Amino acid sequence: MVTARSGCQNAQAGLGAMYMDGLGVSQDYKQAMEWLLKAAEQGSAAAQCNIGFMYEIGKGVPQDSYQAALWHTKAAEQGQRYAQHNLGCLYRDGRGVPKDEPKAAELFLKAAKQGHSDAQGSIGVAYEKGRGVPQDHIKAAEWYLKSAEQGNPLSQHSLANLYRHGHGVEQDHGHSLVWYRKAAEQGYAAAMCAIGYNYQYGHGLIQDYTQAMEWYIKAADLGSPEAQNNIASMYDDGQGVPQDYEIAMDWFLKAAEQGLATAQNSLGVMYQYGQGVLKDCSLAVEWYREAADQGLSDAQFNLGNMYEDGEGVEVDKAEAMMWYQKSAEQGNTNAKKRLQKAQCNIGQLHYNGQGVACDHYEAFRWYTLAANQGYARGIHLLGILYSWGRGLPYPGNQNFGRAAEYYLEATNQGYAPAQCDLGWLHQRGLGVNQNYSLAIEWYLKGSDQGHADNQ
């Protein structure tokens, strides 16, 4: 105290830090700011950094990201690594300064080279995601390792993810588990959840649903929405536990209330079909919308269905069209069948003029998107357009030969409506040689599947 009062900037900076953190004295942000300002005015980088931090979080002063950036800049220009990292975060997020990811990466790198663990993790993220620097998983792994070896749980978890997926390193579930466990030992919930996932699916260890559930519960108790969602899914599917929709519902709700889109969508499904709860399509729509607004393809498709069928909402073909389009345009391969169905549904809305102006050309475009992915219904619908001569990309009449080609492609997948239409073409000799035997053969194939027109 005496040294600080005599004007020693290091003593002033140290005393300010002690008041800020409540070390050896009662925590007092006003006193902290007074001493830090005295040191900062003499050029103390540590004091300048701490003042920036106090403005950043609004302790002892009103929260002010602009002032935080000013003070962090003063310290960062002196090479203060904590300030460099903090300022990098401000540039990355666009708080108090214009968003500038290359500038953020530059600052992260400066601090990381000085051994700042969080900065090493941040530059690792930048390289992994390609934010402000060219994407480079190898460099991401190198920086995560430097940070992880200092005990940083976020970097340990990120490095484990790279080993799990084989990004920047050779895929190795064993190494992945080692780093997940290191992070989990420090109470990092996401790592606990990842260990549970590995037990659930047998990645790098023997599949064990009991262990999976134990790890998920540890993470869920720390508030992990992903773990809560996974517990719910195990109860929903009866995986390692007796199937129990009510328990699943409770866990989905915990995750959904934290904003996890997949859980919100699952809640929508449970309300729509009355699983573990009284059926309530209005609530189903609300949860689907929460997830759809976050861009979840499945939820967008489900919401489109609700509007098309009038479940929980008034029938609104235009609204259905909008949600189907959002879902379809994501091109999510994990939801391929859903997307293909959405593409066909959009096409049919355009074809029939339901909720949108009738436009056979748009119908052709959407059917083609589904057909190009090998979806039998889309292939068949394209054949119908060629059969009727509607919406074709060039002026002209019907093209039964091309229609027959599409019908045949769809029949190879056992699609009964296409079998019926191919039989019809053979019966009448349109686009193919007239052949009653083949016509009957195709009608019988469709009839065996219960298709009424074939019968």
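Could you check the stretch 35-72 and list, in sequence order, the residues that are among the acidic types (Asp, Glu) and assigned to a loop (DSSP other than H, G, I, E, B)?
Step one: of the stretch 35-72, the residues among the acidic types (Asp, Glu) are 41, 56, 64.
If the condition is that a residue be among the acidic types (Asp, Glu) and assigned to a loop (DSSP other than H, G, I, E, B), then ASP64 is the only one that fits.
Only residues that are modelled with pLDDT under 80, out of contact with any Asp or Glu (no Cβ under 7 Å at 6 or more places or on another chain) and under 17 Å from ASN372 (Cβ atoms): list them for the stretch 320-353, please. Lay out the reasoning, then the answer.
The first filter runs over the stretch 320-353 and keeps only residues modelled with pLDDT under 80, leaving 321, 331-339.
So of that shortlist, the ones also out of contact with any Asp or Glu (no Cβ under 7 Å at 6 or more places or on another chain) come out as 321, 331-334, 336-337, 339.
GLY331, ASN332, THR333, LYS336, LYS337, LEU339, listed by residue number.
Does the stretch 61-73 include one or more residues that are surrounded by fewer than 20 Cβ atoms within 10 Å (Cβ to Cβ), farther than 23 Å from ALA32 by Cβ, modelled with pLDDT of 95 or more and of a type in the set (Gly, Ala, Ser)?
No: zero hits.
So SER233 ticks every box in (1) among the small types (Gly, Ala, Ser); (2) surrounded by fewer than 16 Cβ atoms within 10 Å (Cβ to Cβ); (3) under 20 Å from MET192 (Cβ atoms) but one. Which box is left unticked?
(2)
Give me the pairs, please: first residue somewhere in the stretch 126-155 and over 17 Å from ASP93 (Cα atoms), second residue anywhere and surrounded by 15 or more Cβ atoms within 10 Å (Cβ to Cβ) and of a type in the set (Val, Ile, Thr), beta-carbon distance under 6 Å, and either six or more positions apart or on two chains.
Every condition considered, the pairs that remain are ALA141/VAL169; TRP143/ILE123.
Hey, can you tell me all the residues within the stretch 69-96 that are more than 16 Å from ILE123 (Cα to Cα) and in contact with a Ser or Thr (Cβ under 8 Å, 6 or more places away or on another chain)?
If we filter the stretch 69-96 for residues that are more than 16 Å from ILE123 (Cα to Cα), which is where we start, we get 69-80, 94-96.
Those that are more than 16 Å from ILE123 (Cα to Cα) and in contact with a Ser or Thr (Cβ under 8 Å, 6 or more places away or on another chain): ARG95, GLY96.
Of the residues in the stretch 308-322, how many are surrounded by fewer than 24 Cβ atoms within 10 Å (Cβ to Cβ) and assigned to a helix (DSSP H, G or I)? Show your work before the answer.
Of the residues in the stretch 308-322, the ones surrounded by fewer than 24 Cβ atoms within 10 Å (Cβ to Cβ) are 308-319, 321-322.
Okay, now just the ones that are also assigned to a helix (DSSP H, G or I), so 308-309, 317-319, 321-322.
Matching residues across the stretch 308-322 total 7.
Tally the residues that are within 16 Å of PHE108 (Cβ to Cβ) and within 22 Å of the chain's Cα centre (by Cα), restricting the search to the stretch 145-164.
Looking only at that region, the number is 3.
Confirm whether GLN78 is touching a Lys or Arg at 6+ places or on another chain (Cβ under 6 Å) and either free of Cβ contacts under 8 Å to residues at least 60 places away in the same chain or of a type in the set (Asp, Glu) (or both).
Values: touching a Lys or Arg at 6+ places or on another chain (Cβ under 6 Å): no; either free of Cβ contacts under 8 Å to residues at least 60 places away in the same chain or of a type in the set (Asp, Glu) (or both): yes.
Judged against the criteria, GLN78 is not a match.
Only one residue in ALA141, ALA105, ALA111 is at pLDDT 95 or above and closer than 25 Å to GLN9 by Cβ. Which one? Steps first, please.
Values: ALA141 fails: closer than 25 Å to GLN9 by Cβ; ALA105 fails: closer than 25 Å to GLN9 by Cβ.
Exactly one of ALA141, ALA105, ALA111 is at pLDDT 95 or above and closer than 25 Å to GLN9 by Cβ, namely ALA111.
The values are calculated or read from the model by the stated rules, or taken from the named source; none is laboratory data. The structure displayed is predicted, hence computed values, not measured ones. As a convention, Cβ positions derive from the backbone with ideal geometry for all residues, glycine included, and neighbour counts pool all protein chains shown.
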